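Structure record follows, encoded as structure tokens.
The values are calculated or read from the model by the stated rules, or taken from the named source; none is laboratory data. The structure presented is a predicted model; accordingly, all values stated were derived computationally and were not measured. When we count neighbours, we look across all protein chains shown, and the Cβ atoms used for this are built from the backbone with ideal geometry, even at glycine. Side chains included, ligands, DNA and RNA excluded: accessible areas come from the protein's heavy atoms. Shrake-Rupley method; radii C 1.70, N 1.55, O 1.52, S 1.80 Å.
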Amino acid sequence: MKTTDKIIQLLKLHGPLTAKTLAEELALTTMGVRQHLQALEDAGDVDIEDRVEGRGRPTRYWGLTEQSRSHFADRHEELTVQLIDSVKMIFGDQGLDKLIDHREQSALTQYRAAMEGATDIPTRLAILAKLRSNEGYMATMEQVDGVYFLLENHCPICAAATKCLNFCRSELQLFQQLFADIAVVSREEHIIEGARRCAYKIEAIPH
């Protein structure tokens, strides 16, 4: 295990620690540990907190950030798939469809509120791309020959979507409803079908 990984493990187990304590735990020099901590801070995995403990200079503690969670095993995809199986078993396909429809309507309400006053495609699309990026889709927008595209470079619900394609159908319907008065939305690329990203074409309705 790399030294930085060992540091992350210790901070996860014990909470914020000083470089001196970490050095003792790892049988390294304090200077050596500080170099590793600096690298972790630059990467956004740890941050610092200076605590006043009696007289003299504050003592510097190093603790994990939210971002550091990516270093630890996460079984949320497995849990998601299990929950989908359970919903289908208990409530049937119809029950799962109701769940997906509810998710779609909730998102529609939220997105429409954010887009209030946005009457043209680029403004509305820029808001949508920002909302989707905040949800982990790494979304961007592009314009090619007067046609707009929403590009989603990551799918945070990939496990669920692979298990049940209705999640993807629902998302396409959601986008179609958001632009129904000004544009036609179609999906051109699909991660689930092996593409690098999901790409949605937004074409203005001819007047």
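As for the range 145-161, it holds no residue that is closer than 15 Å to residue 197 by Cα, polar (S, T, N, Q), under 19 Å from the mean Cα position of the chain (by Cα) and at pLDDT 90 or above.
Set side by side, the residues 172, 151 differ, and just one is surrounded by 14 or more Cβ atoms within 10 Å (Cβ to Cβ) and under 15 Å from residue 135 (Cβ atoms), which is 151.
Filtered by the rule that a residue be open to solvent by less than 20 Å² (accessible area, probe 1.4 Å) and in contact (Cβ under 8 Å) with a residue 60 or more places away in the chain, the range 175-197 gives 178, 183.
Looking across 145, 101, 120, 97, one residue alone is more than 16 Å from residue 171 (Cβ to Cβ) and open to solvent by less than 90 Å² (accessible area, probe 1.4 Å). It is 120.
Scan the range 21-32 for residues that are open to solvent by 30 Å² or more (accessible area, probe 1.4 Å) and more than 11 Å from residue 62 (Cα to Cα) and jot them down. Answer for the range 21-32, where residues must be open to solvent by 30 Å² or more (accessible area, probe 1.4 Å) and more than 11 Å from residue 62 (Cα to Cα): 24, 25, 26, 27, 28, 29, 30, 31.
Restricting attention to the range 73-93, does a residue exist that is within 16 Å of residue 176 (Cα to Cα), touching a residue at least 12 places away in the same chain (Cβ under 8 Å), exposed (fewer than 15 other Cβ atoms within 10 Å of the Cβ) and among the charged types (D, E, K, R)? No, the range 73-93 has no match at all. Looking only at residues of the range 42-66 that are closer than 22 Å to residue 1 by Cβ and open to solvent by less than 60 Å² (accessible area, probe 1.4 Å), we find that the one that is farthest from the chain's Cα centre (by Cα) is 62. The residue pairs whose first member lies in the range 136-165 and is at positive phi, whose second member is not in a strand (DSSP E or B), and whose beta carbons are closer than 6 Å, counting only pairs six or more residues apart or on different chains, are 136/156; 138/153; 138/154.
What number of residues in the range 123-140 are open to solvent by 70 Å² or more (accessible area, probe 1.4 Å) and at pLDDT below 95?
First, the residues of the range 123-140 that are open to solvent by 70 Å² or more (accessible area, probe 1.4 Å): 130, 134-135, 138.
Still in the list and also at pLDDT below 95: 134-135, 138.
So the answer is 3.
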